[in-house]
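What follows draws every value from the coordinates through simple rules; no lab data is involved. Remember, it's a predicted structure, so these values are computed and weren't measured experimentally. Neighbour counts run over all protein chains shown; Cβ positions are idealised from the backbone, glycine included.
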2 protein chains.
Amino acid sequence: MLSPIPIQAIKVACSNCNLRELCMPIGLNDTDMKRLDDVVATRRKVKRGSALFRNGERFNALYAIRTGFFKTCVTTEDGRDQVTGFQMAGEIIGLDGIVSDQHTCDAVAIEDAEVCVMPFDTIERISREVTALQTHVHKIMSREIVREHGVMLLLGSMRAEERLAAFLLNLVQRLHARGFSQSELVLRMTREEIGSYLGLKLETVSRTFSKFVDDGIVEVKQRHVRILDADALKQIVNPQTCAPH
Amino acid sequence: MLSPIPIQAIKVACSNCNLRELCMPIGLNDTDMKRLDDVVATRRKVKRGSALFRNGERFNALYAIRTGFFKTCVTTEDGRDQVTGFQMAGEIIGLDGIVSDQHTCDAVAIEDAEVCVMPFDTIERISREVTALQTHVHKIMSREIVREHGVMLLLGSMRAEERLAAFLLNLVQRLHARGFSQSELVLRMTREEIGSYLGLKLETVSRTFSKFVDDGIVEVKQRHVRILDADALKQIVNPQTCAPH
DNA sequence: CGACACCTTGAAGAGGTTCAAGAAATGTGG
DNA sequence: CCACATTTCTTGAACCTCTTCAAGGTGTCG
């Protein structure tokens, strides 16, 4: 009879985690996969409304979201703050802390959450040996940089309707990649948080939702959104250049 | 008599580059320093107005700016574009290309420039062996993420005057770190490029400059700017919270 | 020196914000 | 399980900031 696998080992092993393909390199052989299991030290639960980390705290780990939903925000000394992103299962947070060994933003759960804690020194050690992990870490950071370019484009050059349309399309696309509907979603964040992310006031977000409803593009019941005309949303984000001659 | 050091070797060696402390890890021993010299394959000159790389081009290297000035911009299909940053000597560009093996923005020289070409596979190989380089690469990427958080805060929550003040302070601070004046600078970019970066129209940038001049905060002669009252600029960016009781 | 790119300024207009009030949903404690 | 407090959302009206459009000025480079 086989000796039972220790509970703890099962619990934190990436090798049998169903989110593996979202947060870990793919196509690894068994040896490398085993090594990767060492990356995750522990798990941590975060209650809705409380922070995984805060600006100024010492950085020592990256976090892979298992369940739940986070927002990250930066704050100025005079109290203004800006939501810099919303993160869901399979996404990695904490990259901001690497440069100065301390976090420069807050990561707050906007829904009860659980994360895998990946001590960064371990990540660095193993990624020196497992090339696929090294590549993966680089890609994750680069992806974040590219994502932020997109947000800058949105904040710098789009109008309210375009921003909200882009936001909705981005959300459903990510949810769809996780097996959810392409056309229906539940917003985990308030209008104010959406507004902060999009550089708009909450009233403007609300009004823009109402306009989309009037135009028959979406149905909105509080935080429940059904997209009726995804093409219209795409059109709003990316107005077609003039018809071919 | 010593044999002469080959010209080519001198030319691309980081170990005797005076920008070393800006783009390379510090405090290395000689052995590691020698290894780092292999990171830079060649140099490349870029004429003002032409691109180091463009959106869609294959990614294979990061670039360290030796001389000159760059802007990076992202573009939408319908032709809108957004300047995502201005880069000067010692800064690294090309990080956007890592995630998908192709660049997702344009890097255009806004002043004749020269860059060190650092093939990314070489960087990855050497950073597996030289821990300081690995750490350094991670910090560079993290720094870029944090910088972009700052831009998002600016675009999402500041008004025109605050944006321009923050922009000027950031520029002189970086120039000062490179040995230039704390109070005088020459803008290498047009009003339109500044506007694109700050999410404003060029007219608004121009008007805001004029307002700063009227208020005696700066002197402006085309692209020559002298900061007369840096505290006032800081005050504009970060309005003090109410006086202590 | 003339053409071109860049910058400044004015006036009118649009988009988003602010302030305010009320409605709907959510959570809490009795 | 209901009543009440709180949070969140919606909508209206006035206002403000920034944009748009337009014209003229300044600087630069072949």
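Key figures for this structure:
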quantity	calculated
Nearest-20 debye value, chain A charge dipole, Cβ charges on Lys, Arg, Asp, Glu	420
Calculated label separations, B:Asp81, copies of the chain, 7 Å along the beta-carbon direction, nm	3.6
Per residue Cα convex hull volume in Å³ - calculated over region A:1-160	138
Dipole magnitude (debye, nearest 20) for region B:1-122, charges at Cβ of Lys, Arg, Asp, Glu	440
Normalised alpha carbon radius of gyration of the protein assembly as shown [divisor 2.2 N^0.38 Å]	1.03
Theoretical gain in end-to-end length, B:Leu202 to B:Glu114 [0.36 nm per residue, Cα-Cα removed]	28.8 nm
Proxy reagent accessibility, fewest Cβ within 10 Å first, across A:Asp106, A:Asp231	A:Asp231, A:Asp106
Inter-copy separations for A:Val186, label at 7 Å along Cα-Cβ, nm, ascending	6.0
Among B:His103, B:His138, B:Phe209 - extreme Cα towards positive end, dipole of chain B, charges at beta-carbon	B:Phe209
Label point 7 Å beyond Cα along the C-beta direction, distances from B:Gly150 to other copies (nm, shortest first)	2.5
Euclidean distance between Cα centres, region B:181-245 to region A:88-149, Å	35
Along principal axes, Cα extents of region A:165-205, largest first, whole Å	31, 16, 13
Exceeding the 22 Å Cα-Cα cut-off - candidates B:Lys45/B:Lys221; A:Lys211/A:Lys234; B:Lys47/B:Lys139	B:Lys45/B:Lys221; B:Lys47/B:Lys139
Radius 15 Å from Cβ of A:Phe180, net charge of other residues (Lys, Arg +1; Asp, Glu -1)	+2
Residues A:Phe120, B:Phe212 arranged by fewest to most Cβ contacts within 10 Å	A:Phe120, B:Phe212
Computed [θ] at 222 nm, deg cm²/dmol, chain A (DSSP H ≥ 4; -39,500 (n - 2.57); rounded to nearest 500)	-12500 deg cm²/dmol
Residues B:Val99, B:Val213, B:Val115, sorted so that the one with the fewest Cβ neighbours within 10 Å comes first	B:Val213, B:Val99, B:Val115
